[in-house]
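Single-structure report; data block below.
Bear in mind that the values in this text are calculations on the coordinates, not laboratory data. Bear in mind the structure is a predicted one, so any value in this text is a computation, not a measurement. Glycine gets a Cβ as well: all are built from the backbone with ideal geometry, and neighbour counts include every protein chain shown.
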Amino acid sequence: MPMNKTLIYALMLSFFISSCTFDGRGRDNLSMFQKIGAYKIRPLDTNEKLSKIDKITEKNYLIGKINTVKINEPMVTIKTYDKALYRKERVRATDDITLEASGLPLYIYKDKEYKIIGTIVHKNRAYNVIPINKKNAVLTNYAGEISKRVARLRNDNYLNLLNDEFFKDNKSVKMLQIKKDRLEVSDTSVEYELRFDGMKDGRYYITFMDYVPNQDKNSGNFKVLSFPKGHNNLDINGVKLRVIEVTPHQIEYLVLNDPK
């Protein structure tokens, strides 16, 4: 005996309702019926990332230029630090926008930054998905032009396009991508130092300090070297110097090469 139409419709409705359940964490379990007309968001990572890192070296001398330092001052100092550039991508409207249809206004502000959370493909075209509040998102093409239809966000990496056209004239205002940079500078560390320690009994003293990178100032190779006055050509751990004049209180010299 064939089923009547009312019973068939009732069974179909019951199956559809039973499939619209939750998984206990507030996320919809999409049924086959729900997936029809829903668009899967392909996630896009626009969080802050390390863009580049530069190692900066500073020194207190110029090769071949006469330098003069007083007692207990550094003759040669090499300092290093890192400059790290972090970058994230955001979008910003070229003007304030009010989207309205069926009495539901949505607002986009030009002085606010918005995040692209992913992309969808609609009618063989890719669109960026840009949330403007917790429930709704706008879609933009590669040129930043805003789609006339607004998306309703779900909690399961899917969205639905609303039927109403919220934005009739979408050519004058665009959502343009901007890059936000943040510079982070590490602490400066001294890696190499020669210090003038004065003169006594016809000999002058230079302390050589070769620090271990990223360690405290007590870690490294330290030596106190002495030279007779008149000994003017020095080679200290690969650094060549020419002493022009030395007194108990100061030394005048040339640095001929950088530390290796």
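Fully extending the segment from Asn133 to Asn155 would add 6.6 nm, taking 0.36 nm per residue of separation and subtracting the current Cα-Cα distance. Neighbour counts of C-beta atoms inside 10 Å place Met175, Met199 in the sequence Met199, Met175, starting with the fewest.
Multiply the residue gap between Lys240 and Glu48 by 0.36 nm, knock off their C-alpha separation, and tell me the result in nm, one decimal place. Here the segment from Lys240 to Glu48 would lengthen by 64.6 nm.
With viscosity 0.692 mPa s and temperature 37 °C, the Kirkwood radius over alpha carbon pairs of segment 88-183 converts through Stokes-Einstein to a diffusion coefficient of 241 µm²/s. Extending 7 Å from the Cα toward the beta-carbon at both Asn233 and Ile178 defines two label points whose distance is 6.2 nm.
Full extension of the chain between Tyr109 and Asp197 yields a length gain of 25.3 nm, computed as 0.36 nm times the residue separation minus the alpha carbon distance.
Placing a pseudo-label 7 Å from each Cα along the Cα-to-Cβ vector at Glu58 and Lys83 gives an inter-label distance of 1.2 nm.
When the listed pairs Lys40/Lys174; Lys83/Lys134; Lys52/Lys134; Lys40/Lys148; Lys112/Lys148 are checked against a 28 Å cut-off, the alpha-carbon distance exceeds it for Lys83/Lys134; Lys52/Lys134.
Seen from all directions on average, segment 31-128 presents a Cα convex hull projection of 14.7 nm².
Quote the FRET efficiency, to the nearest 0.05, computed for Asp187 versus Tyr142 with a Förster distance R0 of 41 Å and r equal to the Cβ-Cβ distance. About 0.45, to the nearest 0.05. Computed FRET efficiency, Cβ-Cβ of Asp95 and His122, R0 35 Å: what is it to the nearest 0.05? So, using R0 = 35 Å, E works out to roughly 0.90.
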